[in-house]
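K.L.:
For reference, the structure I am asking about is given below.
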Amino acid sequence: MSNEKLVDPGRRGLMVATCAAGGVVGLATAGALVSTFQPSERAKAAGAPVEVDISDVAPGTMKVVEWRGNPVWILRRTPEMMASLANNDSKVADPLSDKFYQIEVPAYAKNETRSRAEHKEVLVVVGICSHLGCSPSSRFAEGAQPSLPNDWNGGFLCPCHGSTFDLAARVFKNKPAPTNLDVPPYMYLSDTRIVIGKDEKGEA
């Protein structure tokens, strides 16, 4: 006599339906999980290059825009500001930007002015201190000021731990910040318009 157990046909149908439904739910759940790992349109946009009109940035002034959730400074330096950079070469930790914080320094920014040759007076940097991520404040006036040396030539001061940067965003020696402020990839679309986050080598 056979030892096989007979399963009621109705019960068998119920089991099949239940398994099928479970499979559908499982697939739906897996699909939902996979979708959570896909970047949203907003996230994609946050990392996209940003076009900026710099026609309104007068000499000696700075414009702040956002790229990847961080402030990017666009400073148009005066001839006097540009001349002050050479005075700081021996005082800054990395005069030609051989090191970097989070973004590799573009070749066109590995110089005293840390800017493109066709527009040396325009500085484009990410305004985040390389020490603990605070945002430094501008201190463009020369001379002695609170928390600054008597021979200050203008630049930036991080309010969190006192790191100082010159007008090329190069960090001074013996400060908590280990590197200069980052220069993002950028390029000129015209004399008055730039794109941040993209250059001849592609997007960052």
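K.L.:
Could you tell me how many of the residues in region 64-84 are of a type outside the set (Lys, Arg), within 26 Å of LYS201 (Cβ to Cβ) and open to solvent by less than 70 Å² (accessible area, probe 1.4 Å)?
P.N.:
Total satisfying the criteria: 9.
K.L.:
Here's something else I'd like to know. Which of the residues that make up region 145-169 are among the small types (Gly, Ala, Ser), surrounded by fewer than 23 Cβ atoms within 10 Å (Cβ to Cβ) and touching a Phe, Trp or Tyr at 6+ places or on another chain (Cβ under 7 Å)?
P.N.:
GLY154
K.L.:
Which of the strands (runs of 3 or more DSSP E) found entirely inside region 150-204 contain at least 2 residues meeting this: aromatic (Phe, Trp, Tyr)?
P.N.:
186-190
K.L.:
Right, another one. Pairs needed: first member in region 86-98, assigned by TED's automatic domain parsing to the domain that holds LYS110; second member anywhere, open to solvent by 20 Å² or more (accessible area, probe 1.4 Å) and outside any loop (DSSP other than H, G, I, E, B); C-beta distance under 8 Å; at least 6 residues apart or different chains.
P.N.:
If the second residue must be open to solvent by 20 Å² or more (accessible area, probe 1.4 Å) and outside any loop (DSSP other than H, G, I, E, B), the pairs left are ASN88/PHE172; LYS91/PHE172; VAL92/PHE172; ALA93/PHE172.
K.L.:
While we're here: Of (1) out of contact with any Phe, Trp or Tyr (no Cβ under 8 Å at 6 or more places or on another chain); (2) in contact (Cβ under 8 Å) with a residue 24 or more places away in the chain; (3) not hydrophobic (A, V, I, L, M, F, W, C), ARG116 satisfies all except one. Which?
P.N.:
So the condition that ARG116 fails would be (1).
K.L.:
Output the number of the condition that SER115 fails; it satisfies all remaining conditions of (1) over 23 Å from CYS160 (Cα atoms); (2) surrounded by fewer than 19 Cβ atoms within 10 Å (Cβ to Cβ).
P.N.:
(2)
K.L.:
Follow-up question, since we're still on this one. Any idea which residue in region 189-203 is surrounded by the most Cβ atoms within 10 Å (Cβ to Cβ), counting only those that are within 15 Å of ASP56 (Cα to Cα) and either outside the structural domain of ALA58 (by TED's automatic domain parsing) or not polar (S, T, N, Q) (or both)?
P.N.:
For region 189-203, the residue satisfying everything is ILE194.
The values are calculated or read from the model by the stated rules, or taken from the named source; none is laboratory data. Note that the coordinates shown come from a computational prediction; the quantities given were computed from them, not determined experimentally. For neighbour counting, all protein chains shown are included, and Cβ atoms are generated from backbone atoms with ideal geometry for every residue, glycine included. Remember, those area values only see protein heavy atoms, side chains included, never the ligands or the DNA or RNA. Shrake-Rupley method; radii C 1.70, N 1.55, O 1.52, S 1.80 Å.
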